[in-house]
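Read-outs: derived from the displayed coordinates by stated rules, not from any lab. Since the structure is predicted, the reported quantities are computational estimates derived from the model, not experimental observations. In this analysis, Cβ positions are derived from the backbone assuming ideal geometry, glycine residues included, and neighbour counts consider all displayed protein chains.
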Amino acid sequence: MLFLQISKHTSESCPMHNQNAAKSEKNFNAKIGEFLKKYQIKVVGSWVSIPEHLKVTVYDAANMEALTKLSMEPEVMDWLGYQTTEIKPVITIEESIKLVLK
């Protein structure tokens, strides 16, 4: 199942300018691979818009529970502390077309 995560932070909490956020970002990036493996979550893709302080990631996970467990890891919780984040279940455009044409 695919999930779209949209994360945004303020310019004041940007890891490029905020030492606490930078430390959190480094800790997050050091551990996220381990956590993704632990909860059997794959990253389909991830993109950043630097001027908008926006990160978009698509995950492939068995269910929302796996992402919830991921978000409860201390390094992830710390990273989420300076982000506003939404997670939405999504389907591909091809899957959507099939549903419409049924």
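Could you give the spread of the C-alpha atoms of the stretch 2-101 along their three principal axes, from largest to smallest, in whole angstroms?
Here the Cα extents, ordered largest to smallest, are 51, 31, 16 Å.
Run the simple label-point estimate for Q19 and K98 please: 7 Å along Cα→C-beta, distance reported in nm.
5.3
Report, in deg cm²/dmol and to the nearest 500, the calculated mean residue ellipticity at 222 nm for the chain, where each DSSP H run with n ≥ 4 adds -39500 (n - 2.57) and the sum is divided by the residue count.
Value at 222 nm, helices only: -13000 deg cm²/dmol.
Would you work out the relative contact order for the chain, in percent, from Cα pairs under 8 angstrom that are 6 or more residues apart?
Computed over the chain, the figure is 43 percent.
Looking at the square roots a ≥ b ≥ c of the eigenvalues of the Cα gyration tensor of the stretch 40-90, which shape do they give, rounded for a/c under 1.5, prolate if a/b is larger than b/c, or oblate?
The shape class here is oblate.
In Å and on Cα atoms, what radius of gyration and Dmax does the stretch 6-49 show?
12.3, 34
Can you tell me the length gained on complete extension of the stretch K31 to E65, counting 0.36 nm per residue apart and subtracting the Cα distance?
Length gained between K31 and E65: 10.3 nm.
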